[in-house]
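Trainee: Sharing a structure here in structure tokens format.
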Amino acid sequence: MRFPALPLALALALFAGGCERRPDDVPVVVSAIGDPATLRDPARGPLGFPDSVLLAATAQGLVRFDANGGIEPGVAERWIVSDEGRSYIFRIRNAQWPDGGKVTAAQVVASLRGAIATTARSSYAPFVAVIDEIVEMTPQVIEVRLKHPRPDLLKLFAQPEFAILRRPRLAGTGPLRADAQGGGTPLLRPVPDPYAVVENAAAPEAAENVRLIGERAAVALARFAARESDLILGGTFRDWPLLDHAGVAPANLRIDPAVGLFGLAIVSDEGFTTDPANRAALAMAIDRAALTARFRPEWAPVETLLPAQLDSAAAPAAPAWLAQPLDARRILARNQVAAWRAANPDASPVIRIAMPRSLGSKLIWYGLLRDLRAIGLQPAWVAEGEDADLRLIDAVAPYDSARWYLVTACRSCPDDLAAIIDAARDAPTLADRARRIAEADLALTAAQRYIPIAQPLRWSVAALRLRAFQTNPRAWHPLTHLREP
């Protein structure tokens, strides 16, 4: 397939880039794909990707992600989990706000309570409902009490939405601090340790600073090709086709082993998608291998909602048609569509699919167009916010719980199915929760409410001088873990 010509700036940058390398004694320049990076309060609405990167860098949570996607201390220097995962006790480290004031447990409690009140109105709502109370135990210790045991709370608290902030000026504790912010390119400097011995403290070096730029993928690739940046973060399927033109060396392209959801949620119970057998026909029609191969041969397709057993009591539920080869699936799908059209001669065969407008979406669209037309349906591409029958989901799992997959995939689920998923949330023990999750996975798969296609495609472009950069399942790359110490 042919794509539009690249912008002139990108073409010139590719020509002029040469093979010179950026020196090691200058700040690391990072392009985050999206709008210009601004320090925004999560309470005011969803954060864009560059905003999330900036917030996480300047206002860490109780804990934060390391380069491997694991958990490391943030505002909390250590913690204890007790009562079978119902109690998390955090000791707040000696930290300061930008004005020199000491961070107290009471301030941390206030920040977390505000974050939970905010996320209760966001996509994190199903996952913060388990939090019963957050209390100050001592001036340096807080406790988070849960209604039911949860082993995955720490990775939830590592999300940028749970940053410890002092409002209204959005002061954070680092690990970096914005020295200046203009034109969407804040310069971030490491926060000095207020308790370090001055005579033994090394003077800060320019190489420890980070210049963060929020910009479109094409501009970011042009900047990298011109050797004016070191790292591009936030690449998804949307901008993948640009890499074919950008001439990125294989050694610079990094693909995260991201886990999560990439597929189509059923969001309408009218017309063709009313019947589970019809929804199964949609799932059977899709040639997943051909669809993912349009991007890269290594992007493996998936056919189950859960990528692994995770915290479920059973292996991932498989749809009834899984054992059939593709040709047999399509015969069954065509027969199902023909029977439906014969029984409903006045019904519309149009299937509305909501997807973002991008080059990568075009690759997905042409594959779906071919596959659904082949069984007698007529796909129609609609904008993300419009009414639709199917809606594309592209999301990395924030932590490894099967319940996240169930909740995220089950868009516009009927009440009876939502109740089965909620039962896992309210399970009193981990064993009971695992059984309820398995039941919900089986019910959601039988209802054909989600059409899995693959795991999320996440990519970065990293200069070789960023020797500490690592890919990871969270596809999250802290700005403090780019260079070797």
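The values are calculated or read from the model by the stated rules, or taken from the named source; none is laboratory data. Only a predicted model underlies this, so the values are computations on that prediction, with no experimental measurement involved. Quick reminder, even Gly has a Cβ in these numbers, built from the backbone with ideal geometry, and neighbours come from all protein chains shown. In case anyone asks, the SASA skips ligands and DNA or RNA and just uses the protein heavy atoms, side chains included. Shrake-Rupley method; radii C 1.70, N 1.55, O 1.52, S 1.80 Å.
Trainee: Would you mind finding the longest exposed-site-free stretch of the chain, with exposed GluC sites (Glu not before Pro) meaning DSSP loop and at most 16 other Cβ atoms within 10 Å?
Mentor: In the chain, the maximal stretch lacking such sites is 21-204.
Trainee: If you don't mind, there's one more thing I want to ask. Per residue, how large is the accessible surface of the chain? Use a 1.4 angstrom probe and give square angstrom.
Mentor: 43
Trainee: Taking the dipole about the Cα centre of the chain, with the C-beta of Lys and Arg at +1 and of Asp and Glu at -1, give me whichever of Gly114, Ala246, Pro149 is farthest to the positive side.
Mentor: Toward the positive end, the furthest listed residue is Ala246.
Trainee: Give me the three principal axis extents of region 309-454 from the C-alpha atoms, as integers in angstrom, largest value leading.
Mentor: Largest to smallest, the principal-axis extents are 49, 33, 29 Å.
Trainee: Quick one: of the DSSP bridges fully inside the chain, what percent are antiparallel, nearest 5?
Mentor: Here the antiparallel bridges make up roughly 75 percent for the chain.
Trainee: Still on this structure, please answer the following. How large is the dipole of the chain about the Cα centre if only Lys and Arg carry +1 and Asp and Glu carry -1, each at its Cβ, rounded to the nearest 20 debye?
Mentor: In total the dipole reaches around 640 debye.
Trainee: Per residue of region 227-233, what does 6.51 cos²θ - 1.76 cosθ + 1.60 with θ = phi - 60° give for ³J(HN,Hα)? Whole Hz please, x for Gly and Pro, Karplus curve as stated.
Mentor: Whole-Hz 3J(HN,Hα) from phi for region 227-233: 6, 9, 8, 10, 7, 10, 10.
Trainee: Per residue and in Å³, how big is the convex hull formed by the alpha-carbon atoms of region 329-379?
Mentor: Value for region 329-379: 67 Å³ per residue.
Trainee: For Lys155, list the aspartates and glutamates whose Cα falls under 16 Å from its own Cα; do not include residues on the same chain fewer than 8 positions away.
Mentor: List returned: Asp66, Glu72, Glu77, Asp311, Asp400.
Trainee: Would you please calculate the Kirkwood hydrodynamic radius of the chain over all C-alpha pairs and express it in Å, rounded to one decimal?
Mentor: It works out to 24.3 Å.
Trainee: Now, a different point. Just flag the trypsin sites (Lys or Arg not before Pro) in region 339-441 sitting in loop per DSSP whose Cβ has no more than 11 other Cβ atoms within 10 Å.
Mentor: Qualifying residues, ordered by number: Arg357.
Trainee: If you average the C-alpha positions of region 254-281 and of region 333-389 separately, how far apart do those two centres end up, in angstrom?
Mentor: 12
Trainee: Given N residues in region 47-131, what is its alpha carbon radius of gyration divided by 2.2 N^0.38 Å?
Mentor: Against the empirical 2.2 N^0.38 Å value, I get 1.17 for region 47-131.
Trainee: Provide, as a two-decimal number, the C-alpha radius of gyration of region 299-395 over 2.2 N^0.38 Å, N being how many residues it has.
Mentor: 1.27
Trainee: Where does region 208-307 land on Rg(C-alpha)/(2.2 N^0.38 Å)?
Mentor: This ratio for region 208-307 stands at 1.46.
Trainee: Which of Ser401, Gly360, Pro316 sits closest to the plus end of the dipole of region 315-418, meaning its Cα is farthest towards the positive end, when Lys and Arg get +1 and Asp and Glu get -1 on the C-beta?
Mentor: Going by the Cα projections, it comes out as Gly360.
Trainee: Next question. Hey, what number do you get for the chain at 222 nm if only DSSP H runs of n ≥ 4 count, each worth -39500 (n - 2.57), divided across all residues, to the nearest 500?
Mentor: Theoretical 222 nm ellipticity from helices: -8500 deg cm²/dmol.
Trainee: Give the carbon-plus-sulfur fraction of the accessible surface of the chain in %, rounded to a whole number; probe 1.4 Å, heavy atoms of protein chains only.
Mentor: 54
Trainee: Considering amide H positions built from the backbone, and no H for Pro or chain starts, which residues 5 or more places from Met137, or on another chain, come under 5 Å of its amide H?
Mentor: Close amide H contacts, sequence-distant or interchain: Ile142, Glu143.
Trainee: Amide H of Gly74: which non-local residues (sequence gap of 5 or more, or other chain) have their own amide H closer than 5 Å, using H built in the peptide plane?
Mentor: Correct list: Val63, Arg64.
Trainee: What FRET efficiency, computed as 1/(1 + (r/R0)^6) with R0 = 25 Å and r the Cβ-Cβ distance, is obtained for Leu326 and Arg411, rounded to the nearest 0.05?
Mentor: Step by step, r from the Cβ atoms, then E = 0.45.
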